[in-house]
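K.L.:
Quick one: this structure, given as structure tokens, is what I'll be asking you about.
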Amino acid sequence: MSEPTAPATGPAGLRMRPSIAAIQLYRPSRPAAAAAGRRVAALASNELPFAPAAAVRDAIAQAAAGLNRYPDPQALALRERIAAASGVGVDQVAVGAGSMILLQQAVLATTGEGDELLYAWPSFEGYPLLASLAGAQAVAVPLRDARHDLPAMADAIGERTGCILVCNPNNPTGTLLRRDELAAFLARVPRDRLVVLDEAYREFVDDPGHRDALTLLDDFPNLLVTRTFSKAHGLAGLRIGYAIAGPDVIDAIRRSHIPFNVTALAQAGAIAALDAADALQRRLAGLSAGRRRLTEHARALGYPAVDGYGNFVWLALGERAGEVGARLEAEGVIGRVLAPFGIRVSVGSADDVDHAMEALARAAAAAPAEQAG
Ligand SMILES: Cc1ncc(COP(=O)(O)O)c(C=O)c1O
């Protein structure tokens, strides 16, 4: 993952930055069973299995009538709504076309050629891409027991560290870092280095004892928290996410906004989604039940299923991830294989969960899962 030495030549002999020329195109998981005309559960992208609420669709349809105009470049109404929902000031909120773009802005603002981007691994697959886009060197600190090894990450911070990404709950393992662990880590990070806490899955955390990471902002002004409407709010296709930090960090992030960075449809839809919080709570309760059902079933079959807090289940299969993933795919269950670490299976509808449970049982019968761990 270090800066490649290959010639800076891309497709059609185009002169390119080496770190960009070396990037592999994103390959979405391919629903092979669909082609064979079989029932398929697309469980590779941690999407919500429900259509957006009617109120959200109505708000988007209404906003569509004004699409001849550019959107509000400040996204003020949305930022005010997020600020109110999060208990922070509007100058502490930035929005972007998906939280991934805000992560990219954070990385580009802090980390350039010759710098290091520090994160845990395996974690979100977008992080190595961000390192390449910045021309930075990726420093990937192995997880310990499927969790971020925060002391090892703190040890890995050096002169060249530009930015540190922490994913909580971690995608793909689902494990959760507690507020006191994060505080102890942040206390070891130099105050001039940005720490980004990627909370794409925070709404799925159903532990009543879990404390909001925003309570860390007063003590750690170098912390930026990113969140998204793509996961729990079920608006992945709308492309809208947000970041919360102290006003100075938000100012730094907003400097690299592309003008009109969030569409009018996304601004309207996200406001309506925040207004529909009650419906969200009901849906999340159903997904938590599905996650527990799938986790317990997998474990009973002998799979090394990790207790997680996202809308997905992690099977820590190691080297056998590819083989088990192929068996599941043959059964019409498309998970995300992260070789050589494991398989992540999203929690879909109750039917999808049933389908995944049947597929796991058949895969275990074909090759006893005890050997798979
Ligand atoms: C951990 C994590 N962060 C960020 C993202 C990006 O989400 P979006 O750009 O849709 O907000 C994802 C998407 O899968 C994710 O899993």
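The values are calculated or read from the model by the stated rules, or taken from the named source; none is laboratory data. Remember, it's a predicted structure, so these values are computed and weren't measured experimentally. Heads up, the Cβs are rebuilt from the backbone with ideal geometry, glycines too, and the neighbour counts pull from every protein chain shown. Surface areas here come from the heavy atoms of the whole protein model, side chains and all, with no ligands, DNA or RNA. Shrake-Rupley method; radii C 1.70, N 1.55, O 1.52, S 1.80 Å.
K.L.:
Between a first residue in segment 137-154 that is under 15 Å from residue 117 (Cα atoms) and without any contact (Cβ under 8 Å) to a residue 60 or more places away in the chain and a second residue that is open to solvent by 70 Å² or more (accessible area, probe 1.4 Å) and part of a strand (DSSP E or B), which pairs have beta carbons less than 8 Å apart while being 6 or more apart in sequence or on different chains?
P.N.:
Cβ pairs passing all conditions: 152/142; 152/144.
K.L.:
Evaluate the following for residue 329: is it crowded, with 20+ Cβ neighbours inside 10 Å and out of contact with any Asp or Glu (no Cβ under 7 Å at 6 or more places or on another chain)?
P.N.:
It is true that residue 329 is crowded, with 20+ Cβ neighbours inside 10 Å and out of contact with any Asp or Glu (no Cβ under 7 Å at 6 or more places or on another chain).
K.L.:
Further question: Looking at segment 138-155, which of its residues are among the aliphatic types (A, V, I, L, M) and surrounded by fewer than 17 Cβ atoms within 10 Å (Cβ to Cβ)?
P.N.:
152
K.L.:
Please work out which residue is most open to solvent (accessible area, probe 1.4 Å), limiting yourself to segment 84-107 and to residues that are within 16 Å of the ligand (Cβ to nearest atom) and β-branched (Val, Ile, Thr).
P.N.:
101
K.L.:
Scan segment 108-132 residue by residue and report those that are out of contact with any His (no Cβ under 7 Å at 6 or more places or on another chain), away from the ligand (no atom under 11 Å from the Cβ), without any contact (Cβ under 8 Å) to a residue 60 or more places away in the chain and open to solvent by less than 10 Å² (accessible area, probe 1.4 Å).
P.N.:
Passing the criteria: 111, 117, 118.
K.L.:
Which number in (1) of a type in the set (A, V, I, L, M, F, W, C); (2) part of a loop (DSSP other than H, G, I, E, B); (3) away from the ligand (no atom under 16 Å from the Cβ); (4) open to solvent by less than 20 Å² (accessible area, probe 1.4 Å) marks the one condition that residue 260 misses?
P.N.:
(4)
K.L.:
Could you please find all residues in segment 36-83 being aliphatic (A, V, I, L, M) and open to solvent by 70 Å² or more (accessible area, probe 1.4 Å)?
P.N.:
Matches in segment 36-83: 36, 42, 65, 67, 76.
K.L.:
Restricting attention to segment 323-339, which residues are acidic (Asp, Glu) and under 15 Å from residue 303 (Cα atoms)?
P.N.:
Hit for segment 323-339 is 323, nothing else.
K.L.:
Name the single residue that is most open to solvent (accessible area, probe 1.4 Å) among those in segment 208-256 being over 21 Å from the mean Cα position of the chain (by Cα) and closer than 21 Å to residue 280 by Cα.
P.N.:
Among them, the one singled out is 208.
This table checks each residue for (1) within 21 Å of the chain's Cα centre (by Cα); (2) in a helix (DSSP H, G or I); (3) of a type in the set (A, V, I, L, M, F, W, C).
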{"site": "281", "(1), (2), (3)": "yes, yes, no"}
{"site": "292", "(1), (2), (3)": "yes, yes, no"}
{"site": "302", "(1), (2), (3)": "no, no, no"}
{"site": "322", "(1), (2), (3)": "no, yes, no"}
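K.L.:
Does segment 230-243 contain any residue that is within 15 Å of the ligand (Cβ to nearest atom) and at positive phi?
P.N.:
So far as segment 230-243 goes, yes, one or more of its residues are within 15 Å of the ligand (Cβ to nearest atom) and at positive phi.
K.L.:
What tally of residues in segment 180-219 results from selecting those that are free of Cβ contacts under 8 Å to residues at least 40 places away in the same chain and in contact with an Asp or Glu (Cβ under 8 Å, 6 or more places away or on another chain)?
P.N.:
2
K.L.:
Still on this structure, please answer the following. What are the residues in segment 332-352 that are among the hydrophobic types (A, V, I, L, M, F, W, C) and either in a strand (DSSP E or B) or surrounded by fewer than 24 Cβ atoms within 10 Å (Cβ to Cβ) (or both), if any?
P.N.:
Across segment 332-352, the qualifying residues are 333, 334, 337, 338, 339, 341, 343, 345, 350.
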